[in-house]
Structures are given as structure tokens and as C-alpha cells.
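Below: the structure, in C-alpha cells.
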Amino acid sequence: MRRRTLLLGLAGAAGAGSLAACTSGTTPPGTPAPSTSAPAASPATPSASAAPILGSTAASSLTPRPVTAPYVPAPGSAPAQAFPLGRWILSISRGDRALPTQVLYPAAGTAPATPAPADGAPPAPGRFPLVLFSHGLTSHPEGYAALLARWAQAGFVVAAPKYPHTSYGAEKLDPTDIVNQPADASFLLDTLLTPGHAVTALVDPSRIAAAGHSAGGITTVGLLSARRDERLKAAVVFAATDFQGMPFTGPSAAMLFVHGRRDTTVTHRAGHTVFEAVPWSRAMLSITEGGHVTQGADFEASTSASTEFLRWALYGDAAAKARIPEAAAKGRVATFENQL
């Protein structure tokens, strides 16, 4: 059974808002409820640079913008088949910041009915889009295994680092370290795309997206705003808010937001304001009864919609784009705002 954790609250941080710790953001039906155990943490005082992030979990200060720069991917088609899964565990560091990274990738062969990653399996032939996934506060990549496996099965290489000061079991847990995570994420991309690296041979460097949940979603927003990484063509943001109140910048990139209307950790109002501030192609899936963690029937709508979105945004698959609203309607658990 995967270890699950409840987020630790950062009570009173930055006055108006707080970033509470989170369980993994997507949990398939039938998964046991999260454990109530969590690692102890020392009180943290937000730094000046982190305070805007912590305060914006209740309401974002971003200004709504019309879609003025639509994202148009090069036309193509996503793989029709599901792939078996391969996995690498990589030891990566940025200076003294350890970033152990799990990489799931399409493997050669025929996908089993209930696939499990095979360590070091031979990769499927060809090059695939890359999705960099960032976990939430006091979580870890393994907690999102069901979601990341679905993406990898659909034909994406998925790289998920474990951040040094916001992950489950971190020796020095520090929620304010979110401000350093976009730089970690960009460094990870640099490393994975270095000529000669094992992952490089699997990845099309022109087709890269970022995704993340909660603190990882804020990290993802940072990669498209204050810490813009222009290699990114798309992003999927689960239950997150803005990054330091900074607007989106750089070339067009498609963005999909997924947020529970009953989220009390990062409010739906904050997430929706960020969605409205994106000047590029954008969409938002609002889970009607959803909280901070996507579970049960909400999982299928979120996972299916995000998979079709990535097929369109990174493969240029027009048929996948047309399927996004249908995927978002699965289970009738959400409403969908589509400005893609």
C-alpha cells in the first residue's frame, strides 16, 4: 500500500492565508483514505520572498486578462496504444540541494492489463514528450503514482523530483522553500536534456510540459511567470495559486487548471483568479464537491481530461483536443471552462 500523509498546517503564515500540507493530489477509486500520521515539523517563519505565496492561497492578486496569445501546437497525432511502463530512479543534485527523481517512460512490448513499472525496462522506440511533475507539501512522487502512470502509458516521459525541504520525511521541512523549486525544476530539465544522458534519447526537447499539485502547482505556475522557463509548451496545475503575485510571461503555453470548489487549503477563488490571468489558451476543471485532494470519481475526470489535454498540447492531436470536454464530463463531477 502506498504511504499516504496528511499535510501539516502552516498556521497563520503570511496573515491572510496558509499553505497546509497535502496528500497526493490524485487518488484512484478504491484507494484507502490517507493516514493521519505525518512527520513532526519545526515552526517556520515565512521569508519575505515566500510571504506572497503563502498569502495568496486564500485570494490571488493577479489581474484577469483576455486570451490574447492563443497556443497553437504543431499538428500531429498521439499514440493510439497504451504502453507498458519502465522506471528509472536518478540521483540528481543542484549544488547541496538533492533532487532524487523518478522517471516513468513508455517501455517496449505490450501493455499488461494492470501495468506496474519495471525498473530499467527497454524503452519503446522513438522520442516522446516530457512532463515534469512537482509534488505537494509533505508529499512525494510515489503518492501520485496512479496519475503519473496514466500519463506515461499514454506516451509521455514523466520526471518527478523529490524536493529537499518540502517533501515527506524532509530532514529540514520548510514550506517557504517553495520559492527555490522553480529553479530546481529548470535545473532538472537542463540535466535530463544534456547530450548523452539516458533520458535525452527518449525525449523530444521541443515538446515539454510542467505539472504539479498544491505547492508543486505553485512551483509550476512559477515556471510560467516569475521564473519563466521558455522550454515549456504546456502546464497542468492542480489545486494551486500564483507564484509571488507575478503575472505570466514569455511565449504562449497552454494551461489546464484542476481545482476543487470546496478546497480549504488553496481556495477555488484563488485558483480561478490565476486561471483568468493566463493570456494564452486556457481551461479550468472545477470539481463540484472536491477538496484539496482529488479522490474517487473525481480522479477519472481529472486524469482523463489532463491526458487528452497533454495529447493535444504536446502531440498537436486535434482529435484529443475535441475529446477534452467529454473527458472532463466523466462522472458528472465537475464543470469545465474551455478557452483552449
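The values are calculated or read from the model by the stated rules, or taken from the named source; none is laboratory data. Model, not experiment: these values are computed from the prediction. Quick reminder, even Gly has a Cβ in these numbers, built from the backbone with ideal geometry, and neighbours come from all protein chains shown. Areas reflect the complete protein model, heavy atoms only, side chains present, ligands, DNA and RNA absent. Shrake-Rupley method; radii C 1.70, N 1.55, O 1.52, S 1.80 Å.
A simple packing score, the average count of other Cβ atoms within 10 Å per residue, orders the peptides 149-161, 113-125, 181-193 as 149-161, 181-193, 113-125, with the highest score first.
Mean sequence separation of contacting Cα pairs (under 8 Å, at least six apart), scaled by the length of the stretch 187-233, corresponds to a relative contact order of 28 percent. Need one word for the stretch 232-340: rounded, prolate or oblate. Basis is the Cα gyration tensor (sqrt eigenvalues a ≥ b ≥ c); a/c below 1.5 gives rounded, then a/b vs b/c decides. Since a/c reaches 1.5 but b/c is at least a/b, the shape of the stretch 232-340 is classed as oblate. Gap in Å between the Cα centre of the stretch 180-194 and the Cα centre of the stretch 72-106? When both Cα centres are located, 13 Å separates them. Dipole check for the stretch 151-244: with +1 at the C-beta of Lys and Arg, -1 at the C-beta of Asp and Glu, and the Cα centre as origin, the magnitude is about 200 Debye. For LYS321, give me every one of the lysines with a C-alpha distance below 18 angstrom, ignoring sequence neighbours fewer than eight places off in its own chain. Within the straight-line limit of under 18 Å, LYS321 reaches these lysines: LYS233, LYS330. Taking all protein chains as shown and a probe of 1.4 angstrom, GLU142 keeps an accessible surface of around 90 Å². Antiparallel DSSP bridges in the stretch 93-173: what percent, to the nearest 5? Antiparallel bridges: around 65 percent, rounded to the nearest 5.
In this simple spin-label approximation, ASP190 and ALA146 carry label points 7 Å from Cα along the Cα→Cβ vector, and these lie 3.7 nm apart.
Estimated at the nearest 10 Å², the accessible area of LYS330 is 90 Å² with a 1.4 Å probe.
Put a plus charge on the Cβ of each Lys and Arg, a minus charge on the Cβ of each Asp and Glu, and nothing anywhere else: the dipole of the stretch 87-196 about its Cα centre is then about 300 debye. Shape index of the stretch 173-313: Rg/Rh, with Rg the Cα radius of gyration and Rh the Kirkwood radius from the inverse mean 1/r over Cα pairs, equals 0.97.
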